[in-house]
1. Do we have any residue at all in the stretch 132-141 that's aromatic (Phe, Trp, Tyr), modelled with pLDDT of 95 or more and over 30 Å from residue 6 (Cα atoms)?
2. Condition first: open to solvent by less than 10 Å² (accessible area, probe 1.4 Å) and within 21 Å of residue 77 (Cβ to Cβ). Now tell me which residues in the stretch 20-43 satisfy that.
3. Need the failing condition index for residue 37 against (1) closer than 26 Å to residue 87 by Cβ; (2) within 18 Å of the chain's Cα centre (by Cα); (3) in a strand (DSSP E or B), just the number.
4. For the stretch 194-218, which residues satisfy the criterion of being in contact (Cβ under 8 Å) with a residue 12 or more places away in the chain, hydrophobic (A, V, I, L, M, F, W, C) and part of a loop (DSSP other than H, G, I, E, B)?
5. Is one or more of the residues making up the stretch 155-173 part of a helix (DSSP H, G or I), more than 26 Å from residue 50 (Cβ to Cβ) and either open to solvent by 70 Å² or more (accessible area, probe 1.4 Å) or without any contact (Cβ under 8 Å) to a residue 60 or more places away in the chain (or both)?
6. Would you check if residue 107 is open to solvent by 10 Å² or more (accessible area, probe 1.4 Å), aliphatic (A, V, I, L, M) and on the phi < 0 side of the Ramachandran plot?
7. Counting only residues that are in contact with a Lys or Arg (Cβ under 9 Å, 6 or more places away or on another chain) and open to solvent by 10 Å² or more (accessible area, probe 1.4 Å), how many does the stretch 110-128 have?
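The values are calculated or read from the model by the stated rules, or taken from the named source; none is laboratory data. As the structure is a computational prediction, the values presented were derived from the model and not from experiment. Note that each Cβ is placed from the backbone with ideal geometry, even for glycine, and that neighbours are counted across all protein chains shown. Ligands, DNA and RNA are stripped out before the accessible areas are found, and what is left, the full protein with its side chains, is counted by its heavy atoms. Shrake-Rupley method; radii C 1.70, N 1.55, O 1.52, S 1.80 Å.
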Amino acid sequence: MPFEPVTCEHDGARLHGRIAHSQHEGMGGTVMMFPGATGASESFDTAMRELAEAGYTVVHANMYDEAVDMSSHQTAGQGFAAIMAEPAKLRARAMAWFERVRRLDGVDPDRIAAIGYCFGGRCVLELARGGADLRAVTSFHGLLTTHAPARSGAVRARVAIWTGGDDPYAPVQDAQAIQAEFDTAGADYQFTLFAKAKHAFMDPDHDGLAPGIAYDRMAHRIAWSATRALLAETIGEPLT
């Protein structure tokens, strides 16, 4: 399945993303997908294609300026560090992608969900905190901290957070803080902790990349199956 290019402009930056078009016109809604810090991997692209084959339009939202060198984990990490150092800009850029997707031909603005992995998990949680009119948000082993906690009534999306109990990038204090934050904000959310899972448990392409990073097949299957059910309930029933 070929991907179609899509661009988003934000704060003087040109951001290059991709679209996997629904294989069954008029079936499901639209899913925005935000990859981890090192960009889209083979497993990320596989997930995009799976959702498109099921009937969703899927948009890879790339948060990095075209000047960021994605040829290695080290150079991609420089882009990650730069955007993380400007959290207000990070939220605004994720919002810019949301507004861009809403305007795409064939997209129903009332049927959009967002999925994020690792750094992308932080991005989709910022969309939820910022009040983006999404139907659902899913964070897989996402970074859970924020510069601006959700205000009361701000979170419109149904939020699913999947995290690992042995994830050094989302320690227990961050897990407790986001639950307290979302409780205070009155958000409709689900928080699932896989006690033994490490960071990147959804991503076989980064298994063992660094200490604290490991793929977990069972956690992956459980979280992905539940996410498919959440999408079906919120933005449209898929065919498979």
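1. Restricting attention to the stretch 132-141, the residues satisfying the condition of being aromatic (Phe, Trp, Tyr) are 140.
Applying the additional criterion that residues be modelled with pLDDT of 95 or more yields 140.
Applying the additional criterion that residues be over 30 Å from residue 6 (Cα atoms) yields none.
Within the stretch 132-141 (the criterion being aromatic (Phe, Trp, Tyr), modelled with pLDDT of 95 or more and over 30 Å from residue 6 (Cα atoms)), the answer is no, since none of the residues qualifies.
2. To start, the set of residues in the stretch 20-43 that are open to solvent by less than 10 Å² (accessible area, probe 1.4 Å) comprises 20, 29-34.
Listed by number, the residues that qualify are 33, 34.
3. Unmet for residue 37, out of (1) closer than 26 Å to residue 87 by Cβ; (2) within 18 Å of the chain's Cα centre (by Cα); (3) in a strand (DSSP E or B): (3).
4. 195, 197, 200, 201, 202, 209, 214, listed by residue number.
5. At the first step, the residues of the stretch 155-173 found to be part of a helix (DSSP H, G or I) are 172-173.
After this cut, where a residue has to be more than 26 Å from residue 50 (Cβ to Cβ) as well, the list is 172-173.
Now narrow it down to the ones that are either open to solvent by 70 Å² or more (accessible area, probe 1.4 Å) or without any contact (Cβ under 8 Å) to a residue 60 or more places away in the chain (or both): 172-173.
For the stretch 155-173, residues part of a helix (DSSP H, G or I), more than 26 Å from residue 50 (Cβ to Cβ) and either open to solvent by 70 Å² or more (accessible area, probe 1.4 Å) or without any contact (Cβ under 8 Å) to a residue 60 or more places away in the chain (or both): present.
6. On the way: open to solvent by 10 Å² or more (accessible area, probe 1.4 Å): yes; aliphatic (A, V, I, L, M): yes; on the phi < 0 side of the Ramachandran plot: yes.
Criteria met by residue 107.
7. Going through the stretch 110-128 one residue at a time, the tally reaches 2.
To keep it simple, each residue is scored yes or no on (1) surrounded by fewer than 22 Cβ atoms within 10 Å (Cβ to Cβ); (2) in a loop (DSSP other than H, G, I, E, B); (3) of a type outside the set (A, V, I, L, M, F, W, C); (4) modelled with pLDDT of 95 or more.
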| site | (1), (2), (3), (4) |
| --- | --- |
| 18 | yes, no, yes, yes |
| 58 | no, no, no, yes |
| 68 | yes, yes, no, no |
| 71 | yes, yes, yes, no |
| 78 | yes, no, yes, no |
